[in-house]
Amino acid sequence: MRGKLITLEGGEGVGKSTNLAYVRNLLEQAGVDLVVTREPGGTEVAEKIRSLLLTPSEEPIAELTELLLVFAARAQHVETLIRPALERGAWVLCDRFIDATYAYQGGGRAMNLGVIAQLEQLVLAEVRPDITLLLDLPVEVGMARARARADLDRFEQEQMSFFESVRSAYLARAKAEPNRVAIIDAQPALEKVQLQIQQALQQLGVAV
Ligand code: Z5A
């Protein structure tokens, strides 16, 4: 039987890395054969593209270049890692995926959603997330957490209005697909966030 693709999404500082470890642990305890990966990245070549995307450079990266790099990394990731894993029945837990493109390039950069949809169809074909956990947080809270954690990458150096657009685009995706996307309030203490994650996975039919 084909495996499930579970994705974790959200803006800056929402706690994706922290909660990815929690979801991984829940699924492994449930005996799931699990592949854990991330975007952009997840394979040797895609990780090289990630580094191009995240490292601040003197030469600005044009918006279209950024979009195509995101999808180039994804094409490599889907072809060589995600689809083969799903086809052999493994589950894939991915830190960011297609919703991030609609949020960052579609929302943050205001790029044409029709173009994104065409690239989505070309690159993903039949591969779509079964379940998405959207960690949601007011932008100023997330930015304060991100700033306290480490140096800011190329995206994290954007203006607040960029992140407000990212957040709105994510919430619009969740509203459009409530059976796939669970909104998790990422503001309370970690235990409360993780309780919501556990409940969402149960409600979405993932037995843990
Ligand atoms: N990008 C794109 O533009 N288009 C695309 O299609 C894709 C990606 C796929 C890389 O993402 C960038 O790529 C991303 C968009 C772009 N933009 N950026 N930046 P990334 O996922 O690798 O980068 P990230 O957003 O920095 O993710 P992260 O490392 O998982 O960070 P995080 O969500 O902030 O998680 P964290 O490090 O676990 O948490 C942040 C801090 O908050 C940390 O100190 C925690 O201890 C703390 N924390 C977590 N939860 C709590 C609670 N509940 N209370 C208090 N403090 C907490």
Whole-percent carbon and sulfur contribution to the accessible surface of segment 5-204 (1.4 Å, no ligands, DNA or RNA) stands at 52 percent
Cα-centre dipole for segment 1-111 with unit charges at Cβ (Lys and Arg positive, Asp and Glu negative), debye to 20
380 debye
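Between Ser161 and Ala90, 0.36 nm times their residue separation minus their Cα-Cα distance comes to what? Mind showing how you got there, number by number?
Details: separation 71, 0.36 × 71 = 25.56 nm, distance 3.89 nm.
Length gained between Ser161 and Ala90: 21.7 nm.
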Return the whole-Å distance between the Cα centroid of segment 148-208 and the Cα centroid of segment 39-89.
21 Å
In segment 5-204, with Lys and Arg counted as +1 and Asp and Glu as -1 at Cβ, which of these residues, Leu201, Gln121, Gly13, has the Cα nearest the positive end of the dipole, that is, farthest along it?
Leu201
Between the modelled labels at Glu79 and Lys48 (7 Å from Cα along Cα→Cβ) the distance in nm is 1.4 nm
Across the chain, what fraction of all alpha-carbon pairs, as a whole percent, falls in each successive 5 Å bin from zero upward?
1, 7, 15, 20, 22, 18, 11, 4, 1, 0
Which of Val139, Val92, Val115 fluctuates most in a GNM of the chain (C-alpha springs under 10 Å)? That residue is Val115
Calculated SAXS-style log₁₀ I(q)/I(0) at q = 0.21 Å⁻¹ - segment 98-208, Debye, Cα scatterers
-1.24
Which residue, Thr132, Thr101, Thr43, tops the fluctuation ranking in a GNM of the chain built on C-alpha contacts under 10 Å?
Thr43
Ignoring ligands, DNA and RNA, what accessible area per residue does the chain give at 1.4 Å, in Å²?
48 Å²
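The values are calculated or read from the model by the stated rules, or taken from the named source; none is laboratory data. Just so we're clear, the structure is a prediction, and the values are computed from it rather than from any experiment. Don't worry about glycine lacking a Cβ; one is built from the backbone with ideal geometry, like all the others, and counts go over all protein chains shown. Ligands, DNA and RNA are stripped out before the accessible areas are found, and what is left, the full protein with its side chains, is counted by its heavy atoms. Shrake-Rupley method; radii C 1.70, N 1.55, O 1.52, S 1.80 Å.
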